[in-house]
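One structure below.
What follows draws every value from the coordinates through simple rules; no lab data is involved. This one's a predicted model, so the numbers in the text were calculated from it and none came from an experiment. Here the Cβ is made from the backbone with ideal geometry for all residues, glycine too, and neighbour counts use every protein chain on show.
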Ligand code: MLT
């Protein structure tokens, strides 16, 4: 990888690619691709698998003329980054896996996805901000950063019900990526908010230790949406890693 390698940013659930605005600016002058997954940001819903999401990203890379990129995925974006690497390892120069986990859902997690998908189809997505924002944001952000809380609520409010339902089904069906960790040969940064309760630092540590060239950065005062909660620290960690990895 050299300093002209583009960066592909993969967004969290139930947000969209605009969550990456600050980091896209921070990595300039590198080229950036931040696609919406199918069913988000006005893009039509597609097949309900994360592999299909990864294939959509690969097509977007093709369309943009990007052969190989540093792939940054946060939470669901991280799940998709694992699938993308499994499908096309040669197109990944390095990985930043933020606030995510390698493992699959357990039975209780799958049941919750089923209920939430049914609720989204039945009622739309208005209930989601109240139901999800407390877990998406760390306690420091909920206490001290009302603008970030409002920003995340607004992003969640944009989500489309069918897109949400299919993403939930896709995450419910995702395979365990833990066996893939040993096959990842590119540099990996596992980045996590210290106050992330959905995918806590122990999960990031598992990723950093499971790959051949991994490192861990824990961001103080940030929860699950670490790039929105601590944008400067997140971008600084990203910048340091990009410099180090090439
Ligand atoms: C996300 O932030 O993308 C979600 O919390 C992921 C998940 O529900 O597993």
Once each part is reduced to its C-alpha centroid, what is the distance from the stretch 1-72 to the stretch 85-146 in angstrom? 17 Å
Footprinting proxy, 112, 243: sorted fewest to most Cβ within 10 Å, the residues are 243, 112
For 76, 61, order by how many other beta-carbon atoms lie within 10 Å, fewest first: 61, 76
Given the chain, what percent of its DSSP beta bridges are antiparallel, to the nearest 5? 0 percent
Cα-Cα pairs in the stretch 98-197 separated by more than 19 Å, as a whole percent of all pairs, come to 55 percent
Give the calculated FRET efficiency between residue 87 and residue 182 to the nearest 0.05, with a Förster radius of 22 Å applied to their Cβ-Cβ distance. 0.80
Can you tell me how much longer the chain between residue 114 and residue 205 gets when fully stretched, taken as 0.36 nm per residue apart minus their C-alpha distance, in nm with one decimal? 29.9 nm
Rank 147, 117, 26 by mean-square fluctuation in a GNM of the chain with C-alpha springs under 10 angstrom and give only the top-ranked residue. 147
Taking 67, 194 and counting other C-beta atoms within 10 Å, the order from fewest to most: 67, 194
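If you take the square roots of the eigenvalues of the alpha-carbon gyration tensor of the stretch 140-207 and sort them as a ≥ b ≥ c, do you get rounded (a/c under 1.5), prolate (a/b over b/c) or oblate?
Because a/c hits 1.5 or more and a/b fails to exceed b/c, the stretch 140-207 counts as oblate.
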Label-point separation (nm) for residue 62 and residue 135, each offset 7 Å from Cα along Cα-to-Cβ? 3.6 nm
Run the simple label-point estimate for residue 153 and residue 194 please: 7 Å along Cα→C-beta, distance reported in nm. 2.7 nm
Estimated D of the stretch 7-245 in µm² per second, where Rh is the Kirkwood radius over Cα pairs and Stokes-Einstein applies at 10 °C, 1.306 mPa s: 91 µm²/s
For the stretch 197-244: rounded, prolate or oblate by the Cα gyration tensor [a/c cutoff 1.5]: oblate
